[in-house]
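Reading through the structure tokens given below for one structure.
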There are 2 protein chains.
Amino acid sequence: MSADVIEPEAADQVARDSLSERIYAQLRLELMMGMYEPGARLNIRGIAATSDISPTPVREAVMQLVREGALELKLGHQARVPVLSVREYIEIRETRAPLERLASELAAVHITKDEIASLRDLHRRFVEAEREGRWKDALAVNQAFHFLIYRCSQNATLVRVIENLWLLIGPFINHQYPLVQRAHIELHPHLLVIDALERQSPSEAGELIVRDLREGSYLILSHLEDEKSKKRRGRKSRSEGAHSLSGKSRTS
Amino acid sequence: MSADVIEPEAADQVARDSLSERIYAQLRLELMMGMYEPGARLNIRGIAATSDISPTPVREAVMQLVREGALELKLGHQARVPVLSVREYIEIRETRAPLERLASELAAVHITKDEIASLRDLHRRFVEAEREGRWKDALAVNQAFHFLIYRCSQNATLVRVIENLWLLIGPFINHQYPLVQRAHIELHPHLLVIDALERQSPSEAGELIVRDLREGSYLILSHLEDEKSKKRRGRKSRSEGAHSLSGKSRTS
DNA sequence: ATCTGAGTTTTGATATATCAAAAATGTAGA
DNA sequence: TCTACATTTTTGATATATCAAAACTCAGAT
């Protein structure tokens, strides 16, 4: 993982130094980064043990993620990463769309030269990562690209809401993305967005960002269709995957 | 409180019968209904005692609300109802706007005759409650009116996101609303919205709902301005208000 | 080989205990 | 009377204990 990518601010508001906050932030990041596959189950005691803390704050963090929809409770008990249906994925995308549009419109008004430069840099790194097949990095940098635009909107509520929607599709996207066949376009939607932002054209920026959203979505969905028909023939493995926490425990 | 108003579904996903869930739902409802004033502080042990349970699930519920922004932590500790600044209020409104628009557009496509009838009924009750000065009821029924439209969008994610934004302004609105001077309009925006929905005209419905949102917002904000200038003269009481939980404990 | 169910283990939910930080209180001095 | 500081009390954060529900195991039946 070579990215010094901008961190999602997201985890705000809550006591900065509490254990539950730490675990929450950690889990959130891991979900966004695709360290848990859809369907993966989370074990409160297990995470607590890995992090050398008691189950109480872990449970608190997990239940916050459940509340946000980033996790779900199987039979009202064990938490697991949701397996999004196509319908749910589209619902989230359609909810995101007008928010993305608004964010870009506002960003077009407030964005600075430095931020434009950052966007160009992030996009360059995105293309590079994708070309070299570093999918995780590509996704992370792509996320950083979009999150920077959100922040330029200077509407904290808007940023929060959109970031929470990203969280919902994080595991799903990370799971699908490496498999998607990308037509290597010469004129990437991102570049058009950056230009519109630079021209401070809200309507264009908004329109283009929505187009980017939909295009990415189509790639995912069409691939999903392929896979479904493949499965119709010989059904084989179930997507499971237990995944313990990343090994950065032994805190003390 | 005479309302048999539709309950916000919101509190989904989480274990239906857990204590923390119950407390969460209760607090959420109380916040929406204006039972806590902006600035009010929540005492975890106090709520636990009132509800005859231990502090653990209460803390969990409270921290979930903090995570959602419905509460905030004072100095990284005690939870309290946020006192929204005008800026924050507008941020939330502007984030809601495109979501409300989308919800109404989708509702215009999916809405049934029965739902139209329910909307008319809710609006009738809204006007009635307002005419009679039952502010809390008016707000509750107004909320039910809007929430029904959201549900007609048939996009669960969208419903959740908008309802969460309502939660953020709940205490603020309930605090301000009774004080606002309403010009009793003959042709209420709601009626225009209902007509547009009935004609299944997405663009009109979307436009009109946003207009309703903004009009309501202007009333609040202009009143806030008045109050501010009033305070500039003689500053007197601080908005505080401790408010214990509603007395429906003694569960067992 | 697969299914079923009793018994065991694991796990989540809640209560309680403990500790440190914050708030409240009270007292002495200005 | 008001302020500053020390003491007491309250409160939140976390760990631990406990219990019931769920998951798992494995022998026995089909």
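Just so you know, all these numbers are worked out from the coordinates, no wet-lab data involved. Not measured: the values here are computed from a predicted model. Backbone-built Cβ (ideal geometry, glycine too); neighbour counts: all protein chains shown.
Each of A:D17 and B:H110 was given a label point 7 Å from its Cα along the Cα-to-Cβ line. The distance between the two points is 4.7 nm. Near A:H123, within a Cβ-to-Cβ distance under 13 Å, what is the net charge of the other residues, with Lys and Arg +1 and Asp and Glu -1? It works out to a net charge of -3.
Annotation: the residues B:V127, B:V161, A:V86, sorted from fewest to most other C-beta atoms within 10 Å of their own C-beta, follow the order A:V86, B:V127, B:V161. Between rounded, prolate and oblate, where does the range B:86-232 land on the alpha carbon gyration tensor, with a ≥ b ≥ c its root eigenvalues, rounded for a/c under 1.5, else prolate if a/b exceeds b/c? Taking the square roots of the gyration eigenvalues as a ≥ b ≥ c, the range B:86-232 is prolate. Fewest neighbouring Cβ atoms within 10 Å first, the residues B:R134, A:R28, A:R214 line up as A:R214, B:R134, A:R28. The same position B:E215 in the other copies lies at 4.1 nm from this copy, comparing label points 7 Å beyond Cα toward the beta-carbon, shortest first. Chain A has one residue whose beta-carbon comes closest to the axis relating it to chain B; that residue and its distance in whole Å are A:P98, 2.
Going by the alpha-carbon gyration tensor, a ≥ b ≥ c the square roots of its eigenvalues, is the range A:58-105 rounded (a/c under 1.5) or, if a/c is not under 1.5, prolate (a/b greater than b/c) versus oblate? Intermediate values should be presented prior to the final figure.
On the way: a/c = 4.79, a/b = 1.86, b/c = 2.58.
Taking the square roots of the gyration eigenvalues as a ≥ b ≥ c, the range A:58-105 is oblate.
Between B:S203 and B:H77, what length comes free when the chain is fully extended (0.36 nm per residue of separation minus the Cα-Cα distance, one decimal in nm)?
On the way: separation 126, 0.36 × 126 = 45.36 nm, distance 4.57 nm.
Taking B:S203 through B:H77 to full extension adds about 40.8 nm, to one decimal.
Enter the mean number of other protein chain beta carbons within 10 Å of the beta carbon of each residue in B:133-140, as an integer. Walk me through the numbers on the way to the answer.
Details: counts 0, 0, 0, 0, 0, 0, 0, 0.
Neighbouring Cβ atoms belonging to other protein chains average 0 per residue here.
In nanometres and ascending order, the distances from the B:Q78 label point to those of the other copies are 4.2 (point 7 Å from Cα along Cα→Cβ).
The mean number of Cβ atoms from other chains found within 10 Å of a Cβ in peptide B:65-75 is 4, as a whole number. All C-alpha pair distances within the range A:25-165, sorted into 10 Å bins from zero, spread as 11, 31, 33, 20, 4, 0 percent across the bins.
Across q = 0.17, 0.19, 0.20, 0.29 Å⁻¹, the range A:19-80 modelled as identical point scatterers on its alpha-carbon atoms has Debye log10 I(q)/I(0) values of -0.49, -0.62, -0.69, -1.46, in the order of the q list.
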